[in-house]
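Some notes on the structure that comes next.
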Amino acid sequence: MTTYRELLAKTRGEIDEIDARGARALDGAAWVDIREIDEWQEGHLPEAIHVPRGNLESRIETAVPDKATPVVLYCASGNRSVFGAKTLNELGYDHVYSLAGGFTDWKRNGLDIVMPRTLSPEKRTRYSRHLLIPEIGEEGQLKLLDSRILLIGAGGLGSPAALYLAAAGVGKLGIIDADIVDETNLQRQIAHSLDTLGTPKVDSAKRAINGLNPDVDVIGYRERLTSENIDRILDDGWDIIVDGADNFPTRYLVNDASVWRGIPVVHGSIYRFEGQVTVFKPHEGPCYRCLFPEPPPPELAPSCAEGGVLGVLPGIVGTLQTNEAIKLAAEIGEPLVGRLLLLDALATEFNEVRIERRPDCPVCGEHPSITEYIDYVEFCAR
Amino acid sequence: MTVVRVPPVLRAEAGGAREVEASGDTVRALLEDLSARVPALGTKVYAEGELQSFVNVYVDGEDVRTRDGLDTPVRDTSTVILLPAMAGGRGR
């Protein structure tokens, strides 16, 4: 019968140990902290990645794909990392080292450590389904919690966006809307309710958001977006704009300001059974003016109030916009940049067309001719 | 014949149709034919030999303005999408 002490001593003889000085001299090494999450949260080595001992076998190949990379494993005192090193040797890693003395000696010798930013236990529970997704995880959730997203409109498109962004844990949500909730809104604008009829939409939306997630900081702008107020609102600091406006002057105004400030715009528009979604990422992809240099004449630009809209359509389009906004905030996936998604709810058909930057675009092109706000109402009435 | 998708704001001009058919081996020829078959729709998107500036035309997912404009080739199997901007969002 082998005791733990004997097994440790035997295994230590089978692997390579390294001291802090030797480890720091290694070129291009991967530093892997195999301690438990609560130990990691109390500080870890700079550059280290966290792969708990219990998940070492299953996760190391994702964390360190190249088996020729030197790997320095450490735990608290240098014992667990002995067994971890043996495992990595068996998995075919060429140069595996167990850090002698572990984190305790490292810290005692006054070497650099970092304190990780981590989620509180409450947030860990609330966002647990995000944390389980490798593409999001704790890092992605922290990015969402840090993100600041501005919604243009708290109506059909803004409602699902506000609710899902709040649920996802976006840190700060701005909402611009001058209207009050009326009965015709409730067919589709699910952030509002009978209880908030007659109240400003920004207040009604804030109530719904904070009912779902009180941690979200909601800034309401009960005003109509214009050239006069847009700079003041954007100066509050927004990373992403979700555009659910209902009129062309606002669309062009938001476009111009976002290009000048480099803020990506997640665009959604709807009419009857059809929707359009895309992401305008300034200088990386086309802008709204590259897609539509000119608005249609007024007779071809009916609003939903004039032409009607299927109630669930803004739900579909608004959640597609939210998906794009979350991807941008968490910096994952392939956003809809340079691609316009066309949705036909009646046929249940999605089509995608390619959109390109126009070198002659008056705002984001090579020689811009529009460099300050214009009269957008007049521009769209021509 | 090539299938041409009609945007919702122009369906009244096409008698309510979601799609119409037209023939032509270039975008120009196709729009000329469309104008002859469905004049109300044709004139909204194509007038005096020019594409209306507020309408985008996609042939198999590509904006013809980024290809050869009205000379962009069209096949019988192509899908052509006519697309003006839609404003709709919030809705009062």
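Each value in this text was obtained by applying a stated rule to the coordinates, not by laboratory testing. All values derive from a computational prediction rather than experimental measurement. Here the Cβ is made from the backbone with ideal geometry for all residues, glycine too, and neighbour counts use every protein chain on show.
Key figures for this structure:
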| item | result |
| --- | --- |
| Extreme residue, farthest from the chain's Cα centre (by Cα), among residues of the stretch A:138-189 that are within 11 Å of chain B (Cβ to nearest Cβ) and of a type in the set (S, T, N, Q) | A:184 |
| Subset of the stretch A:352-382 (residues that are buried (at least 16 other Cβ atoms within 10 Å of the Cβ), facing chain B (nearest Cβ under 10 Å) and within 28 Å of the chain's Cα centre (by Cα)) | A:353, A:355, A:357, A:358 |
| Any chance residue A:352 is touching a Lys or Arg at 6+ places or on another chain (Cβ under 8 Å), outside any helix (DSSP H, G or I), charged (D, E, K, R) and farther than 14 Å from residue A:281 by Cα | yes |
| Residue selected from the stretch A:112-161 under the condition of a type in the set (A, V, I, L, M) and part of a loop (DSSP other than H, G, I, E, B), by the criterion farthest from residue A:270 (Cα to Cα) | A:113 |
| Residue that is farthest from the chain's Cα centre (by Cα), among those in the stretch A:125-137 that are farther than 18 Å from residue A:51 by Cβ and surrounded by fewer than 18 Cβ atoms within 10 Å (Cβ to Cβ) | A:125 |
| Residue identified as under 19 Å from residue B:8 (Cα atoms) and either touching a helix residue (DSSP H, G or I) at 6+ places or on another chain (Cβ under 6 Å) or acidic (Asp, Glu) (or both) among A:324, A:299, A:284, A:334 | A:299 |
| Checklist (1) exposed (fewer than 15 other Cβ atoms within 10 Å of the Cβ); (2) under 26 Å from residue A:346 (Cβ atoms); (3) out of contact with any helix residue (DSSP H, G or I) (no Cβ under 7 Å at 6 or more places or on another chain) applied to residue B:40, failing item | (3) |
| Out of A:204, A:193, sole residue that is more than 23 Å from the chain's Cα centre (by Cα), closer than 19 Å to residue A:166 by Cα and touching a residue at least 24 places away in the same chain (Cβ under 8 Å) | A:204 |
| Sole residue being outside any loop (DSSP other than H, G, I, E, B), within 30 Å of residue A:179 (Cα to Cα) and within 13 Å of chain A (Cβ to nearest Cβ), chosen from B:9, B:3 | B:9 |
| Per-region count, the stretch A:209-252, residues of a type outside the set (A, V, I, L, M, F, W, C) and either closer than 22 Å to residue A:143 by Cα or not in a loop (DSSP other than H, G, I, E, B) (or both) | 19 |
| Helices (runs of 4 or more DSSP H) within the stretch A:8-88 that include 3 or more residues small (Gly, Ala, Ser) and on the phi < 0 side of the Ramachandran plot | A:20-25 |
